[in-house]
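Chemist: If you scroll down you'll find the structure; I have some questions about it.
The values are calculated or read from the model by the stated rules, or taken from the named source; none is laboratory data. What you are looking at is a predicted structure, and each value in this text was computed from that prediction instead of being measured. Here Cβ is always computed from backbone atoms with ideal geometry, including for glycine, and neighbour counts include all displayed protein chains.
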Amino acid sequence: MMGSGSSCNAKDGNPFGPFWDTFNVDFVGSEFYGPLHYDVYHHNMAQQWKEKYPASKWPEPQPVFPVQLENRKLQKYLEWTEKMEKEADDFIEKYMPKGSFIGIHLRNGIDWVRACEHIPESPNLFAAAQCVGYQNEKGKATLDMCLPSKETIIRQLKRVIKTIHNSVNNNNDRTIKFVYVASDSNHMIDDLSRALKRMNILVFKYNQSNPHIDLEILGKSNHFIGNCISSFSAFVKRERDIKGFPSSFWAFPPEKGNKFSNLSRDEL
């Protein structure tokens, strides 16, 4: 890895460091591509990329982040390996074998807390476009969308569960029996278990740190609740859209009359 003065520090912080370490991946260097950018549909940017990074020296294609609207359909070509498919199915069969389950993504590590502070001046932060649109045509991102409170999470989770139960007329085979949690930090297992105890719903997380298995299990859930700003949630949402599975997001659309949605945690 290059020195900090000329490197993107790809493994700094959580989940970046732990994520790459899980798969024994290290970096020997980094390249700053600015002032180039990724909008290759409305400019001659594709040609500029080819000129600066010719295939003879840079054979790997440059990834687009966040995923552009025109490229979302490419998700259908991504498939899980048989090994990972089996791991996810084995977990579901062992811990959530009877009844439907909701998959939720809680992005709440300290690096995310700091990133969410930039929401007011960066309404299109990370994957926010999946909710608010690429030009903010569906509104603006809020702090509660980026970092939903415990109260928001529990209230919305209960509402989704009740809506599903009503839609299936409380058919025991189709009612929600479990909640699966993926998180980079706090899975809130105890808080969620207490909140859902009277509904006889059990809460689980994967028994080791494996974001790929998290992604796969979330993709298999009967309903998914994700984070508008998170590209991790965006991957799950794209996969579920291709399969026609239902999804929703924390605090989106914003609740009417919620005057606190744009305030910081300190102001609350």
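Chemist: Please specify each residue of region 67-80 satisfying the condition of being part of a loop (DSSP other than H, G, I, E, B), touching a residue at least 24 places away in the same chain (Cβ under 8 Å) and either exposed (fewer than 12 other Cβ atoms within 10 Å of the Cβ) or among the charged types (D, E, K, R) (or both).
Modeler: The initial filter retains those residues of region 67-80 that are part of a loop (DSSP other than H, G, I, E, B), namely 67-68, 78-80.
Now drop any that are not touching a residue at least 24 places away in the same chain (Cβ under 8 Å), which leaves 67-68, 78, 80.
Of everything in region 67-80, just one residue is part of a loop (DSSP other than H, G, I, E, B), touching a residue at least 24 places away in the same chain (Cβ under 8 Å) and either exposed (fewer than 12 other Cβ atoms within 10 Å of the Cβ) or among the charged types (D, E, K, R) (or both), namely LEU78.
Chemist: Check off (1) without any contact (Cβ under 8 Å) to a residue 40 or more places away in the chain; (2) out of contact with any helix residue (DSSP H, G or I) (no Cβ under 7 Å at 6 or more places or on another chain); (3) under 27 Å from PHE91 (Cβ atoms); (4) not polar (S, T, N, Q) for ASP241 and give me the number that stays unchecked.
Modeler: Result: ASP241 passes all but (1).
Chemist: Since ALA182 meets every condition but one in (1) in contact with a Leu (Cβ under 7 Å, 6 or more places away or on another chain); (2) more than 13 Å from ASN108 (Cβ to Cβ), which condition does it not meet?
Modeler: (2)
Chemist: Please go through region 200-239 and give me each residue that is within 17 Å of LEU157 (Cα to Cα), outside any loop (DSSP other than H, G, I, E, B) and of a type in the set (A, V, I, L, M, F, W, C), ordered by number.
Modeler: The answer is LEU202, VAL203, PHE204, LEU218, PHE224, ILE225.
Chemist: Then there is this: For LEU218, indicate whether it is of a type outside the set (Gly, Ala, Ser), modelled with pLDDT of 95 or more, surrounded by fewer than 22 Cβ atoms within 10 Å (Cβ to Cβ) and closer than 17 Å to VAL179 by Cα.
Modeler: Here the answer is no, as LEU218 does not meet what is asked.
Chemist: Residues in region 133-153: is at least one closer than 19 Å to LYS243 by Cβ, touching a residue at least 60 places away in the same chain (Cβ under 8 Å) and surrounded by 18 or more Cβ atoms within 10 Å (Cβ to Cβ)?
Modeler: Within region 133-153, the first condition is being closer than 19 Å to LYS243 by Cβ, and the residues that meet it are none.
No - not one qualifying residue is present in region 133-153.
Chemist: Inspect all residues belonging to region 200-216 and state whether any of them is free of Cβ contacts under 8 Å to residues at least 24 places away in the same chain and closer than 21 Å to PRO246 by Cα.
Modeler: Checking region 200-216: not a single residue is free of Cβ contacts under 8 Å to residues at least 24 places away in the same chain and closer than 21 Å to PRO246 by Cα.
Chemist: Contact list please: Cβ distance under 7 Å, first residue in region 87-116 and surrounded by fewer than 19 Cβ atoms within 10 Å (Cβ to Cβ), second residue part of a helix (DSSP H, G or I) and not aliphatic (A, V, I, L, M), pairs at least six apart or on different chains.
Modeler: Cβ pairs passing all conditions: ILE92/LYS220.
Chemist: I would also like to ask the following. Residues of region 81-108 being in a loop (DSSP other than H, G, I, E, B) and at pLDDT 95 or above, which ones?
Modeler: Step one: filter region 81-108 for residues in a loop (DSSP other than H, G, I, E, B), giving 81, 96-99, 107-108.
Listed by number, the residues that qualify are MET96, ARG107, ASN108.
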